[in-house]
Amino acid sequence: MAAHPFAVQGIDHIVLRVRQLQRSLAFYCDILGCIIEREQPQLGLTQLRAGRSLIDLVTLDGPLGAGEPPGAAPNLEHFCLAIAPFEESALIAWLGVRGVPVREPGSRYGAQGEGRSFYIEDPDGNRLELKAAVEGG
């Protein structure tokens, strides 16, 4: 097998098509703590900083989001965000007060190895895994 001329360094960004931008911003910014990095309303695009990566929110009425609404033909099972600190019971309680149910807490393997995580959903039904970040990872 030939050597690759490159090495994957990580996920740069993901793009999510959203029904209601403000509802999604409330979830990703107010609940998950992402920060708006760049807005291009003419494209229906809002880019959120998520650590080293970006989460792009694309509205259905903008040129980038035209087509079937989210959930019509899902091809993404979930995506995972590494978070710290990860005080599981406190996080579950905090999210619960904000109306975000937590599902399937457990230990799972990811890019930083084995660790605790659980699942939540965003306002458009996208499934997210929140996983304990490894210190220095």
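The values are calculated or read from the model by the stated rules, or taken from the named source; none is laboratory data. A quick note: this is a predicted structure, and the numbers were derived from the prediction, not measured. Neighbour counts run over all protein chains shown; Cβ positions are idealised from the backbone, glycine included. These accessible areas exclude ligands, DNA and RNA; they are computed on the full protein's heavy atoms, side chains included. Shrake-Rupley method; radii C 1.70, N 1.55, O 1.52, S 1.80 Å.
Identify the residue in region 58-89 that is farther than 14 Å from Leu32 by Cα and modelled with pLDDT of 90 or more and, among all such residues, is most open to solvent (accessible area, probe 1.4 Å).
Glu87
Just one of the numbered conditions (1) assigned to a helix (DSSP H, G or I); (2) surrounded by fewer than 19 Cβ atoms within 10 Å (Cβ to Cβ) is not true of Gly33; which one?
Looking at each condition in turn, Gly33 falls short on (1).
Hey, among the residues in region 38-57 that are assigned to a strand (DSSP E or B) and open to solvent by 50 Å² or more (accessible area, probe 1.4 Å), which one's nearest to Glu129 (Cα to Cα)?
Arg49
Kindly check whether there is at least one residue in region 10-24 that is modelled with pLDDT of 95 or more and in contact with a strand residue (DSSP E or B) (Cβ under 7 Å, 6 or more places away or on another chain).
yes
Give Arg98, Arg103 a once-over and let me know the one that is out of contact with any strand residue (DSSP E or B) (no Cβ under 9 Å at 6 or more places or on another chain), open to solvent by 50 Å² or more (accessible area, probe 1.4 Å) and either under 24 Å from Leu16 (Cα atoms) or in contact (Cβ under 8 Å) with a residue 24 or more places away in the chain (or both).
Just one listed residue meets the conditions, Arg98.
Restricting attention to region 99-137, report how many residues are part of a loop (DSSP other than H, G, I, E, B) and touching a Leu at 6+ places or on another chain (Cβ under 8 Å). Spell out the reasoning first.
Taking region 99-137 and keeping what is part of a loop (DSSP other than H, G, I, E, B), we get 99-102, 111-112, 122-126, 133-137.
Cutting the leftovers down to touching a Leu at 6+ places or on another chain (Cβ under 8 Å) gives us 101-102, 122, 124, 126.
Matching residues across region 99-137 total 5.
Among the numbered conditions (1) modelled with pLDDT of 95 or more; (2) assigned to a loop (DSSP other than H, G, I, E, B), tell me where Gly96 comes up short.
The one condition Gly96 does not meet is (2).
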